[in-house]
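Report on the following structure.
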Amino acid sequence: MSDLTPCLSLWQPWATALFIDLEPDVPLKPHETRSWPLPAGQVGRTFAVHAAKRDTPAEREFWTDLDEEHREAFARGGFPSYESLPRGMLVGTVVYYKCLTTESLSGQVSADAYAWGNYGPDRFAYQTINRRLFKTPVPCVGRQGIWSVNIGGMEYRPL
């Protein structure tokens, strides 16, 4: 039996933003923010990241409003346009290293990172490390909450 990896689905462009650096080793999106804490048994585990199929005017408008620096960062990562972002696919893996309250991060999150998460009150930020983008995204039906997927044998590309 193959090992299953926990997975979270994110909308685009936020799913791919986890793997984009503004400059070397400075992630555009250092946290995944949610209204619920990461269960203690999941902290420190590798998670697959699924880019949901969702594509609405709100996501397109967010992309349209990106400044040139952010667009260039996505282009360097291999995503030169909104249409190039994978949807309905597994895109990579991250380790959710810590689960923090958004209040505990007050004043510590850059303006760039702040724009890529919901750091409002009573929310949680999953700090990411070991971000690895798949060489080729894998078609997959997503789910809500934490779900499991087999990612055995996946090849990664350099970030």
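Pick from Lys29, Lys53: which is of a type in the set (D, E, K, R) and more than 26 Å from Pro121 (Cα to Cα)?
Values: Lys29 fails: more than 26 Å from Pro121 (Cα to Cα).
After ruling out the rest, the residue left standing is Lys53.
Could you check, for segment 91-101, whether at least one of its residues is at pLDDT 95 or above, over 20 Å from Gln12 (Cα atoms) and aliphatic (A, V, I, L, M)? Yes, there is a match, as at least one residue in segment 91-101 is at pLDDT 95 or above, over 20 Å from Gln12 (Cα atoms) and aliphatic (A, V, I, L, M).
The residues on offer are Thr46, Thr56, and the sole one that is within 27 Å of Trp147 (Cα to Cα), at pLDDT below 95 and among the hydroxyl-bearing types (Ser, Thr, Tyr) is Thr56.
Just name the residue that is nearest to Pro37 (Cα to Cα) out of those in segment 102-113 that are surrounded by 14 or more Cβ atoms within 10 Å (Cβ to Cβ) and not charged (D, E, K, R). Among those that are surrounded by 14 or more Cβ atoms within 10 Å (Cβ to Cβ) and not charged (D, E, K, R), it is Thr102. When Trp36 is tested against (1) at pLDDT 95 or above; (2) surrounded by 15 or more Cβ atoms within 10 Å (Cβ to Cβ), exactly one condition is not met: (2).
Of all residues in segment 136-153, how many are closer than 11 Å to Leu90 by Cα and free of Cβ contacts under 8 Å to residues at least 40 places away in the same chain? If you could, list the steps in order and put the result at the bottom.
Within segment 136-153, the subset closer than 11 Å to Leu90 by Cα is 136-142, 149-151.
Going one step further and asking which of them are free of Cβ contacts under 8 Å to residues at least 40 places away in the same chain, we end up with 136.
The total comes to 1.
All of (1) outside any loop (DSSP other than H, G, I, E, B); (2) over 20 Å from Pro139 (Cβ atoms); (3) within 15 Å of the chain's Cα centre (by Cα); (4) not charged (D, E, K, R) hold for Gly117 with one exception: (1).
State yes or no: is Pro80 farther than 18 Å from Tyr156 by Cβ and either part of a loop (DSSP other than H, G, I, E, B) or in contact with a Lys or Arg (Cβ under 6 Å, 6 or more places away or on another chain) (or both)? Taking the combined requirement at face value, the residue satisfies it. Looking across segment 28-65, the residues that are without any contact (Cβ under 8 Å) to a residue 40 or more places away in the chain and not in a helix (DSSP H, G or I) come down to Thr56, Asp65.
The values are calculated or read from the model by the stated rules, or taken from the named source; none is laboratory data. These numbers were taken from a predicted model, which means no experiment stands behind them. Note that we place each Cβ from the backbone using ideal geometry, even for glycine, and neighbour counts take in every protein chain shown.
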